[in-house]
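I have placed the structure first, in the form of structure tokens, so that the comments after it can refer back to it.
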Amino acid sequence: MLELPEAYNLSLQIEKTLKGKKIKTVIPLQSPHKLTWFNGDPENYRQMLEHGIIEKSYNLAGMVKIDLRRTSLLFSDGINLRYFPDGRNLPKKHQLLIEFSDSTFLCSSTQMYGGVVCFQNGVYDNEYYRAAMEKPSPLTDEFNQRYFEGLTMGDKIGKLSAKAFLATEQRIPGLGNGALQDILFNASIHPKRKMNTLSDNDKSNLFKSVKSTLKKMCDQGGRYTEKDLFGNFCGYKTILCKNTVGKPCPRCGSLIEKANYMGGSIYFCNSCQEI
């Protein structure tokens, strides 16, 4: 699933690979998918996109945005984006297929759920999009310790677990259940630990871990459990994920554990991460 590190890497690859390409044909919703969200009628995407030229690509939190002259494409959550240099290995099922004038392709397909959004003149009324536009990215200087401390204030926040604080209510857009596992490990904080039990030093360590862990994930092209624009696994080796359950903790040697929590999985070292 797309989170900030993967969206960051995909946007760089799209910028390098697709910038300047002219769209020849567009095939929307070749394979209907109940959990793929579009902006209006996807059949209108043909008229909105055909003959347009890719001008820019960048990430907005965990979303990938592609700008044409007057039109934008936004891909979010569980959308797989793949580039194909020709049509020989195109998947049979896809939710949006773009063919460029040089006979290369950009294909998007839905993994579980996700958005394939096309809109014009920068106008898209969506709370996740607004949050990503308005709030500072953890990769920027604006996301500093003072800003982070402001996020942790209030009785309501104090009752939340560390996982809920990091991954809900769009407090830090683009940070999801995947990336938060290593962030909490590096800060020595258990995912279930309540925010009101964190000392000032704990909060400072959590802030530093958010910044440094996400930067490392981005610098290495995203988490290796996900794939890039060309179908290759990304480069960041996650410390805590489904692939490391039952293996020794790299810090203390205890076995890494898994539990179900808040509708998803959490991974942790009971020895290193205080609860």
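Each reported figure results from applying straightforward, stated rules to the coordinates on display, with no laboratory input. Source: prediction; values computed, not measured. All Cβ positions, even for glycine, are placed from backbone atoms using ideal geometry, and neighbour counts span all protein chains on display.
Step by step: find N for the range 45-190, compute 2.2 N^0.38 Å, then divide the Cα radius of gyration by it. What's the final number?
Details: Rg = 18.4 Å, N = 146, 2.2 N^0.38 = 14.6 Å.
Here the answer is 1.26, to two decimals.
Using only the Cα atoms, work out Rg/Rh for the chain, with Rh taken as the Kirkwood radius, to two decimals.
1.00
Helix 200-219 versus the longest principal axis of the chain: what is the Cα-based angle in degrees, 0 to 90, to the nearest 10?
With rounding to tens, the tilt is 30 degrees.
Picking from Gly222, Asn196, Phe233, whose Cα lies most toward the positive end of the charge dipole for the range 190-235 (charges on Cβ: Lys, Arg +1; Asp, Glu -1)?
Toward the positive end, the furthest listed residue is Asn196.
In sequence order, what are the phi-derived ³J(HN,Hα) couplings for the range 20-27 according to the Karplus relation 6.51 cos²θ - 1.76 cosθ + 1.60 with θ = phi - 60°, rounded to whole Hz, with x for glycine and proline?
Each residue's phi maps through the Karplus curve to give x, 6, 9, 7, 9, 9, 10, 10 Hz.
Projected onto the charge dipole of the range 4-134 (+1 at Lys/Arg Cβ, -1 at Asp/Glu Cβ, origin at the Cα centre), which of Met63, Met112, Phe84 gives the Cα projection farthest towards the positive end?
Positive-most Cα among the choices belongs to Phe84.
Any idea how far apart Ile157 and Glu50 come out in nm if each label point goes 7 Å out from Cα toward Cβ?
That separation, rounded to one decimal, is 5.0 nm.
Collect residues whose amide H, placed 1.01 Å from N in the peptide plane, falls under 5 Å from the amide H of Lys24; neighbours closer than 5 in sequence don't count.
Sorted by chain and number, the residues that satisfy this are His51, Glu99, Phe100, Ser101.
Which whole-number percent is the relative contact order of the chain (Cα, under 8 Å, 6+ apart)?
Values: 549 pairs, mean separation 50.9, N = 275.
Relative contact order, the chain: 19 percent.
List the trypsin sites (Lys or Arg not before Pro) within the range 149-235 that fall in a DSSP loop (any state other than H, G, I, E or B) and whose Cβ has at most 15 other Cβ atoms within 10 Å.
Lys159
For a quick check: with amide H placed at 1.01 Å from N, whose amide H comes under 5 Å from Ser265's, ignoring anything fewer than 5 positions away on the same chain?
When sequence neighbours closer than 5 places are left aside, there are no close amide H contacts.
Please give the helix 4-18 orientation as an angle from the longest Cα principal axis of the chain, in degrees from 0 to 90, rounded to the nearest 10.
30 degrees
Report the Cα-based extents of the range 145-268 along its three principal axes, largest first, to the nearest Å.
Computed over the Cα atoms, the extents are 43, 32, 27 Å.
Please identify the chymotrypsin sites (Phe, Trp or Tyr not before Pro) of the range 189-275 that satisfy two criteria: DSSP loop assignment and at most 14 other Cβ atoms within 10 Å. Which are they? Could the numbers behind the result be given before it?
Numbers: sites: Phe207, Tyr224, Phe230, Phe233, Tyr236, Tyr261, Tyr267, Phe268; in loops: Tyr224, Phe230.
Sites meeting the loop and neighbour criteria: Phe230.
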